[in-house]
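What follows draws every value from the coordinates through simple rules; no lab data is involved. Nothing here was measured: the structure is a model prediction, and the numbers come from that model. All Cβ positions, even for glycine, are placed from backbone atoms using ideal geometry, and neighbour counts span all protein chains on display.
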Ligand code: MGP
């Protein structure tokens with residue numbers, strides 16, 4: 001058989017075995033997520049500075065959003081992003097957060113410039129991929145902030161009294177982000193934070 005014909009048959013066989021992928025098919029996430037943007041404008045109320053940017057529920061829509069927004073370590077001082085399950089506001093007062101708390105990861109300035117966005121991306125993948133396994137339902141969202149002194153990422157859990165869940169979520173974060181001794185990470189109960197800021201009156 002002529003070489004050209006053999007090649008034609010091979011091409012035909014390859015096409016049969018490996019049909020070209022259908023790029024119009026999107027891959028659904030278990031939850032729908034909403035991205036928020038915040039800025040520290042002391043002239044207006046804190047809640048008014050939280051703005052919804054977009055909502056997505058597929059892997060592809062997540063990446064097209066993430067790849068098109070400013071990187072978290074390039075935000076201006078006082079700005080931040082939050083990603084929460086759709087319907088939950090990124091604030092203590094939301095019903096889903098009132099009993100909760102957050103794992104807070106603090107990065108000093110130099111580490112912020114180098115690693116903040118890398119950590120944030122990993123946290124987002126943990127959230128949308130339900131990477132906290134059976135404890136994923138206890139997570140409401142996460143927040144990243146760029147501050148003068150450094151940067152911080154908070155992973156918010158819905159019930160600070162669910163000790164096992166809180167510990168496992170923290171353990172997973174440490175493991176996936178390769179948190180070392182140069183990064184401080186601790187769990188803060190929202191109610192305590194609210195007491196300190198005087199905001200507790202708003203939810204009683
Ligand atoms: P922040 O933005 O979380 O911390 O809270 P920042 O700016 O890094 O400063 P820090 O030194 O306090 O860590 C700053 C302030 O925003 C708080 O003191 C509150 O007044 C307000 N604030 C923050 N959060 C997350 C909330 C919230 O959920 N609800 C309300 N009402 N105010 C909030």
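Springs between alpha-carbon pairs under 10 angstrom, Gaussian network model over the chain: which of 109, 85, 43 fluctuates most?
Greatest mean-square fluctuation among the candidates belongs to 43.
Run the quick spin-label model on residue 46 and residue 121: label points 7 Å from Cα toward the beta carbon, then report their separation in nm to one decimal.
3.1 nm
Tell me, in nm to one decimal, what length is gained between residue 71 and residue 39 on full extension, where the rule is 0.36 nm per residue of separation less the Cα-Cα distance? Provide the component values of the computation, followed by the final result.
Values: separation 32, 0.36 × 32 = 11.52 nm, distance 1.48 nm.
Here the segment from residue 71 to residue 39 would lengthen by 10.0 nm.
Among rounded, prolate and oblate, which fits the stretch 46-138 when a ≥ b ≥ c are the square roots of the eigenvalues of its C-alpha gyration tensor, a/c under 1.5 means rounded, and a/b larger than b/c means prolate?
Details: a/c = 1.31, a/b = 1.18, b/c = 1.11.
Rounded.
State whether the stretch 57-96 is rounded, prolate or oblate according to the following rule on the C-alpha gyration tensor (a ≥ b ≥ c being the square roots of its eigenvalues): a/c under 1.5 gives rounded; otherwise a/b larger than b/c gives prolate, and the remaining case gives oblate. Show your work: numbers first, answer last.
On the way: a/c = 4.89, a/b = 1.17, b/c = 4.17.
Taking the square roots of the gyration eigenvalues as a ≥ b ≥ c, the stretch 57-96 is oblate.
Sort the stretch 84-201 into rounded, prolate or oblate with this rule: let a ≥ b ≥ c be the square roots of the eigenvalues of the Cα gyration tensor; rounded if a/c is under 1.5, and if a/c is not under 1.5, prolate when a/b is larger than b/c, oblate otherwise. Don't jump to the answer; show the numbers that get you there.
On the way: a/c = 1.65, a/b = 1.20, b/c = 1.37.
It is oblate, given that a/c is not under 1.5 and a/b is not larger than b/c.
Add -39500 (n - 2.57) for each DSSP H run of 4 or more in the chain, then divide by its residues: what number comes out at 222 nm, to the nearest 500 deg cm²/dmol?
Working: 5 runs with 66 residues, N = 204.
My calculation for the chain gives -10500 deg cm²/dmol from helical runs alone.
Using 7 Å Cα-to-Cβ label points, what is the residue 59/residue 25 separation (nm, one decimal)?
Between residue 59 and residue 25, the label points sit 1.1 nm apart.
If I build a Gaussian network model for the chain, linking alpha-carbon pairs within less than 10 angstrom, which residue out of 25, 59, 148 has the largest mean-square fluctuation?
Top of the fluctuation ranking is 25.
Hey, rough spin-label estimate for residue 162 and residue 130, points 7 angstrom out along Cα→Cβ, what's it come to in nanometres?
Result: 1.3 nm between the two label points.
Choose one answer from 20, 38, 136: the residue with the largest mean-square fluctuation in a GNM of the chain with alpha-carbon springs under 10 Å.
20
Using a 10 Å cut-off around each Cβ, can you sort 137, 41 from fewest to most neighbouring Cβ atoms? Intermediate values should be presented prior to the final figure.
Details: 137 14, 41 11.
By the 10 Å Cβ count, ascending, the order reads 41, 137.
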